[in-house]
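Presented below is the structure to which this report refers.
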Amino acid sequence: MTVAAPDIDIKTLIEEIIPFNKLLGVRLTKADVAAGTVTLRMPLRGELIGNVMRSMAHGGAVSALIDAAAGAAAALSLPDLRAAPSVATIDMRVDYLAPGRGEWLEATATVMRSGRRVIVVRVDVSDAQGDLVALGTAAFSVAVAAAAAPGQAAASGAAGSSPEEDGE
């Protein structure tokens, strides 16, 4: 899936364009570009409960919310939001601290470092009662356009090599 809309905003991207976020019911509640923060809220529907005896959110739902919030913060740190499809999760850690219960979970993601090729984000997840449910850290790669990458050989020649590189 590609994003072709030239005037895309972060709310539309998160809530309407990313199918998995739509499935989860994720909503953007706050975004602060200057602070590098994004807050997303996910309703705790019955389908997202992992322990029916204790009415606890499934750990996969919590980690999906962390990934969505961290990805949104990473995308927001880019100079042009149209480059958001070039951002991909390369590592993620989740520490579960307490059961996620109540009507919703809220994830606040903060960009800790935004480099040319890697963005690192920290996420705090709380429930409707304000209890800290989980902590997450995620790293994202930022794809660099082939034309802009230094040292990239043209697509001509065997295995991408040029006649000069082959010694011809």
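A short reminder: the numbers here are calculations on the coordinates, not readings from a lab. Values in this document were obtained by computation on a predicted structure and should not be read as measured data. All Cβ positions, even for glycine, are placed from backbone atoms using ideal geometry, and neighbour counts span all protein chains on display.
So the values come out like this:
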quantity	calculated
Charge sum, other residues only, whose C-beta stays under 13 Å from G60's C-beta, Lys/Arg counted +1 and Asp/Glu -1	-2
Dipole of region 10-142, positive direction: furthest Cα of M92, S114, W104, with charges on the beta-carbon	S114
Coarse-grained scattering of region 10-142 at q = 0.13 Å⁻¹, given as base-10 log I(q)/I(0) from a Debye sum over alpha-carbon atoms	-0.47
Within region 10-142: Cβ-based charge dipole about Cα centre, in debye rounded to nearest 20 (Lys, Arg +1; Asp, Glu -1)	240 debye
